[in-house]
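Student: Sharing a structure below in structure tokens format, with a few things to ask.
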Amino acid sequence: MNGETEPSSRASVARASLAPDYDIARVIGGCWQLSEGHQTSAPGANHESVLEAFDRRADRGLTTFDCADIYTGVEALLGELVVRRRRAGKSAIEIHTKLVPDRSVLRALDHRYLESIVDRSLRRLRVERLDLVQFHWWDFAVPGWVEAMTGLDALRKAGKIRHLGVTNFDAEHLAPVLAAGVKIVSNQVQYSLLDDRPRGALSELARQHDFRLLTYGTLAGGFLSRRWLGQPAPREPLANRSLIKYRLIIEEAGGWDALQSVLGGLADLADGRGLTLEALATAAVLARPRVAAAIVGIRDGRHTEAHVAAARDRLDRATRDALDRLTAPLRSLDGPVYGLERVPEGRHAVIMKTDLNRRAPKRAGGET
Ligand SMILES: NC(=O)c1ccc[n+]([C@@H]2O[C@H](COP(=O)([O-])OP(=O)(O)OC[C@H]3O[C@@H](n4cnc5c(N)ncnc54)[C@H](OP(=O)(O)O)[C@@H]3O)[C@@H](O)[C@H]2O)c1
């Protein structure tokens with residue numbers, strides 16, 4: 001039993017339990033897509049219409065949102081959603097943020113720096129306690145992540161954080177955090193039909209220590225959708241940073257033709273089962289051991305109903321076997337989760353922005 005619950009009258013969406021006192025929607029609204037700089041070509045979304053769309057999304061039972069301290073403008077936006085729903089007397093939502101210390105401060109990281117980022121997230125999100133803080137560490141060659149997690153655990157005990165998680169941790173580097181006695185409820189990792197690096201050691205560690213996986217890249221930034229079926233490979237420049245990221249993942253998995261084979265097979269399987277291709281790609285990941293929820297990127301309300309349905313879909317054994325056969329010809333991505341992304345000067349690393357928190361301690365409070 002994975003801890004999922006059937007939709008109830010309270011919410012029309014399936015939920016998963018991360019802790020005895022904490023459950024979330026099985027499809028989480030991912031908000032990187034709304035951060036400044038994510039779209040490389042299109043204009044930014046209209047603030048008010050996004051708030052309305054997200055409010056309706058929560059009313060439909062998709063109450064969980066993912067953001068980060070470094071997604072510029074997004075914590076403040078979700079803070080407005082919190083206030084709007086509070087004023088309307090609506091039920092609370094769950095907001096998962098991240099704590100991503102700048103790569104350039106890792107060696108000098110101290111407790112004050114961590115606490116200033118937590119305090120800034122509290123102010124931006126307009127809450128007294130953060131539901132979930134997911135910690136990221138850019139470089140495991142630099143020690144200090146276990147101490148940082150211990151420090152965050154102290155902030156949890158002080159009441160500023162409800163639950164702790166991590167993001168992009170492989171089993172080897174997460175094990176010492178767990179050995180230090182820090183309880184985490186989740187690890188947010190890339191997991192999709194193209195990328196199954198979380199299978200194996202990480203999923204086994206999750207089983208042993210009773211934490212869950214929250215997945216991103218489940219639709220490969222939108223490449224795993226019907227809109228790309230039968231299309232030629234896109235030309236540069238790509239429209240947003242997700243597409244840049246997952247175009248490289250497609251190359252690792254075998255290239256554009258390999259993606260087209262998967263999309264063709266997915267379309268056939270989905271049609272035969274009355275599902276959308278995207279819902280099938282999402283349900284395939286939700287069916288993997290230890291996966292609590294898929295974080296799927298949103299910019300507005302266009303995909304709300306599709307996500308309500310995707311959260312509900314469960315796959316039978318025959319479908320899961322068919323998906324395994326479909327993805328078997330793909331090349332397996334090398335190494336553990338986020339291993340390729342950590343290769344210094346590698347093609348996955350050079351596209352990332354690793355110092356977006358730079359002014360956090362000095363500007364705490366002045367950001368929003
Ligand atoms: N921890 C990390 O390091 C990390 C890294 C990346 C992402 N994330 C998190 O994961 C979230 C997901 O982002 P991602 O970059 O991985 O992208 P993704 O979820 O794989 O793909 C998102 C894109 O797919 C399209 N889409 C969504 N639902 C759809 C549907 N039902 N049918 C058709 N198309 C659909 C949307 O494009 P359109 O809007 O153009 O339709 C959307 O922008 C982020 O927002 C963020 O919260 C975390």
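The values are calculated or read from the model by the stated rules, or taken from the named source; none is laboratory data. Computed from a predicted model, the values in this text were never measured in an experiment. Here Cβ is always computed from backbone atoms with ideal geometry, including for glycine, and neighbour counts include all displayed protein chains.
Student: Name the pairs: first residue in region 233-249 and closer than 14 Å to Trp32 by Cβ, second residue in a helix (DSSP H, G or I) and within 12 Å of the ligand (Cβ to nearest atom), Cβ to Cβ under 6 Å, at least 6 apart or on different chains?
Tutor: Close Cβ pairs satisfying both conditions: Ser242/Gly221; Leu243/Gly221; Tyr246/Ala220; Tyr246/Gly221.
Student: Assess whether Leu286 counts as being more than 12 Å from the ligand (Cβ to nearest atom) and over 23 Å from Val13 (Cβ atoms).
Tutor: Judged against the criteria, Leu286 is not a match.
Student: Does Pro329 meet the test of being assigned to a loop (DSSP other than H, G, I, E, B) and surrounded by fewer than 18 Cβ atoms within 10 Å (Cβ to Cβ)? Steps first, answer last, please.
Tutor: Values: assigned to a loop (DSSP other than H, G, I, E, B): yes; surrounded by fewer than 18 Cβ atoms within 10 Å (Cβ to Cβ): yes.
It is true that Pro329 is assigned to a loop (DSSP other than H, G, I, E, B) and surrounded by fewer than 18 Cβ atoms within 10 Å (Cβ to Cβ).
Student: Quick one: how many residues across region 129-147 are surrounded by fewer than 18 Cβ atoms within 10 Å (Cβ to Cβ) and out of contact with any helix residue (DSSP H, G or I) (no Cβ under 7 Å at 6 or more places or on another chain)?
Tutor: 4
Student: Sort out which residues of region 26-71 are in contact with an Asp or Glu (Cβ under 7 Å, 6 or more places away or on another chain) and modelled with pLDDT under 95, and write them in order of number.
Tutor: Scanning region 26-71 gives a single hit, Ala45.
Student: If I ask for residues that are assigned to a loop (DSSP other than H, G, I, E, B) and either away from the ligand (no atom under 15 Å from the Cβ) or farther than 19 Å from Ser17 by Cβ (or both), which ones from region 176-190 would you list?
Tutor: Let us first name the residues in region 176-190 that are assigned to a loop (DSSP other than H, G, I, E, B), namely 180-185.
Result: Ala180, Gly181, Val182, Lys183, Val185.
Student: Taking region 303-326 only, how many residues are within 16 Å of the ligand (Cβ to nearest atom) and either in a helix (DSSP H, G or I) or over 19 Å from the mean Cα position of the chain (by Cα) (or both)?
Tutor: Total meeting the criteria: 10.
Student: While we're here: Please give the number of the condition Arg226 fails out of (1) in contact (Cβ under 8 Å) with a residue 60 or more places away in the chain; (2) within 12 Å of the ligand (Cβ to nearest atom); (3) of a type in the set (D, E, K, R).
Tutor: Just one mismatch for Arg226, condition (1).
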